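The values are calculated or read from the model by the stated rules, or taken from the named source; none is laboratory data. This one's a predicted model, so the numbers in the text were calculated from it and none came from an experiment. Here the Cβ positions follow ideal geometry from the backbone for every residue, glycine too, while neighbour counts run over all protein chains shown. The protein model used for the area step is the full one, side chains on, heavy atoms only, and it has no ligands, DNA or RNA in it. Shrake-Rupley method; radii C 1.70, N 1.55, O 1.52, S 1.80 Å.
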Amino acid sequence: MKKQILLTFATCLGFYASMAQNSKYVINGVISGNYNADKVYLISEEFINGPQKTIDSSLVNQGRFKFEGQTPEYSVIHFIKSADSTSRTNLTPVFLEPGNINVTVSAEHFYHNASVTGTANNLLLTQYSALVKNVMDSVLLATSIDWTINGRDDKKEQVEFPRRTKLINKRNLDIQREMVSRYNNQVFAPFMIYWEMRRDLPPSDLTALYNQLDPKLSSHPYTILLKDFISASSFAVGNQMPDFSLPNHEGKEVKWNEFKGKYVLIDFWASWCGPCLREMPNIVKLYEECKDKNFEIIGITVDDNKDKWLKAIKENNMTWTQLGDMKAWDSHIVKLCNVSAVPYTVLIDPTGKVIALDLRGEELIKKVKELVTKK
């Protein structure tokens with residue numbers, strides 16, 4: 001049944017795609033219920049889950065609003081944001097792409113049960129939400145029936161809850177795989193892989209999905225994010241450290257290959273990170289004891305505030321090379337090294353091979369001293 005729905009849906013997509021004759025978008029919105037504000041906002045996102053900014057606003061008149069303008073170079077997710085402080089969810093995702101986009105939301109929920117139709121990728125996103133909701137509803141209904149007939153057993157529920165969760169995740173993953181495969185020429189495909197699937201699949205599966213994408217999507221930001229994530233997911237002991245360059249605290253560009261030939265510790269940290277600063281005396285001690293023994297440290301920050309970064313460097317006596325582009329978690333090397341939390345360390349041998357990850361404290365000091373004192 002699900003395949004039949006998707007096949008019918010594919011025919012509809014061809015019709016809607018043919019309607020997009022130019023690069024203009026028009027969003028016609030309807031809000032049901034009691035909306036306690038006179039505006040809605042159109043929000044852009046720098047990257048998935050990245051910084052957001054307001055790019056437009058629209059007056060709400062009798063529950064209706066409208067946005068129109070030129071589409072950006074790439075069709076990416078934007079959001080329509082509620083200005084009503086009583087809204088329980090206040091963002092509706094919308095692919096900003098050429099054509100007429102129809103948005104229906106409730107004043108209470110701008111996310112749950114929202115409908116966005118009229119263009120290919122918005123239809124796909126709405127269809128995906130409907131299929132996922134059906135999975136959840138069917139599992140909850142089965143649970144309700146079971147409790148009604150057999151009664152709720154708390155001991156049994158300790159087994160049943162993980163089983164239901166696993167079942168929901170499997171069914172959702174099946175939906176995601178099929179939609180990505182069927183609509184691999186739409187922006188929805190790399191978005192879905194990166195947004196929903198990347199944490200649930202090994203790098204080999206993600207690579208197979210990536211290879212299914214239409215080549216015309218190769219330069220799309222979502223495809224690039226996905227490619228970088230796959231590369232980062234494969235980052236492990238035994239890998240060669242990827243090439244990179246970053247500005248130092250004085251703004252001078254520093255290249256990684258300048259340090260090859262030595263043992264190098266890359267220390268990912270941030271001025272706002274308490275554990276990083278508590279670990280810093282160990283790094284200072286290590287540097288003082290080993291800096292003249294074919295050993296270097298490179299500090300890479302995930303800060304986005306240069307003044308706070310520079311202040312922390314000075315206050316913590318961090319005299320080794322410090323690099324940072326103030327892009328925080330969006331820094332390219334942070335992604336390539338699969339850094340998801342700080343402090344985090346990468347230890348590299350003179351050939352550029354990664355030999356240890358996330359060493360700290362006395363364990364880190366002992367390991368480096370063993371390496372640099374080898375004959």
- The base-10 log of I(q)/I(0) that the Debye equation returns for segment 285-375 at q = 0.14, 0.21, 0.22 Å⁻¹, one scatterer per C-alpha, is -0.56, -1.20, -1.28
- Compactness relative to 2.2 N^0.38 Å, alpha carbon Rg of segment 303-353: 1.28
- Query: Which pairs, out of 308/335; 227/306; 293/366; 255/308; 311/374, put more than 26 Å between their alpha-carbon atoms?
  - Reply: 227/306; 311/374
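If you take the beta carbon distance between residue 254 and residue 156 as r and set R0 to 45 Å, what does 1/(1 + (r/R0)^6) give as a FRET efficiency, to the nearest 0.05?
0.15
Looking at segment 101-188, what % of the alpha carbon pairs are farther apart than 16 Å? Kindly include the intermediate steps, with their values, before the conclusion.
Details: 2466 of 3828 pairs.
Of all Cα-Cα distances in segment 101-188, 64 percent exceed 16 Å.
What FRET efficiency comes out for residue 130 versus residue 243 if R0 is 35 angstrom and r is the Cβ-Cβ distance? Round to the nearest 0.05. Don't jump to the answer; show the numbers that get you there.
Details: r = 44 Å, r/R0 = 1.27.
Computed FRET efficiency for residue 130 and residue 243 comes out at 0.20.
Over the chain, what percent of the accessible surface lies on carbon and sulfur atoms, probe 1.4 Å? Walk me through the numbers before you get to the answer.
Numbers: 9810 of 19700 Å².
Carbon and sulfur atoms account for 50 percent of the accessible area of the chain.
Over the Cα atoms of segment 127-236, what is the Rg over Rh ratio if Rh follows Kirkwood? Before the final figure, lay out each step's value.
On the way: Rg = 17.6 Å, Rh = 15.7 Å.
Checking Rg against Rh, the ratio lands at 1.12.
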- Item | J(HN,Hα) series, segment 282-299, from Karplus relation 6.51 cos²θ - 1.76 cosθ + 1.60, nearest Hz, glycine and proline x | 5, 5, 4, 4, 4, 5, 5, 8, 10, 5, 9, 10, 6, 9, 9, 10, 10, x
- Whole number in Å², please: accessible area per residue of the chain, 1.4 Å probe, ligands, DNA and RNA not counted. 53
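Based on the inverse mean of 1/r over its pairs of different Cα atoms, what is the Kirkwood hydrodynamic radius of the chain, in Å?
Working: mean 1/r = 0.0414 Å⁻¹.
The Cα-based Kirkwood calculation yields 24.1 Å.
Per DSSP H run of at least 4 residues, take -39500 (n - 2.57); add these up for the chain, divide by its residues and hand me the 222 nm value, nearest 500 deg cm²/dmol.
On the way: 10 runs with 150 residues, N = 375.
Taking each H run of at least 4 residues, the total per residue is -13000 deg cm²/dmol.
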- Task: Treating cross-link reach as a plain straight distance, find the lysines whose alpha-carbon is under 19 Å from the alpha-carbon of residue 24, omitting any fewer than eight places away in the same chain.
- Result: 66
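Order these peptides, 349-360, 52-63, by their mean beta-carbon neighbour count within 10 angstrom, highest first. Walk me through the numbers on the way to the answer.
Values: 349-360: 15.2, 52-63: 13.2.
Going by the mean number of other Cβ atoms within 10 Å, highest first, we get 349-360, 52-63.
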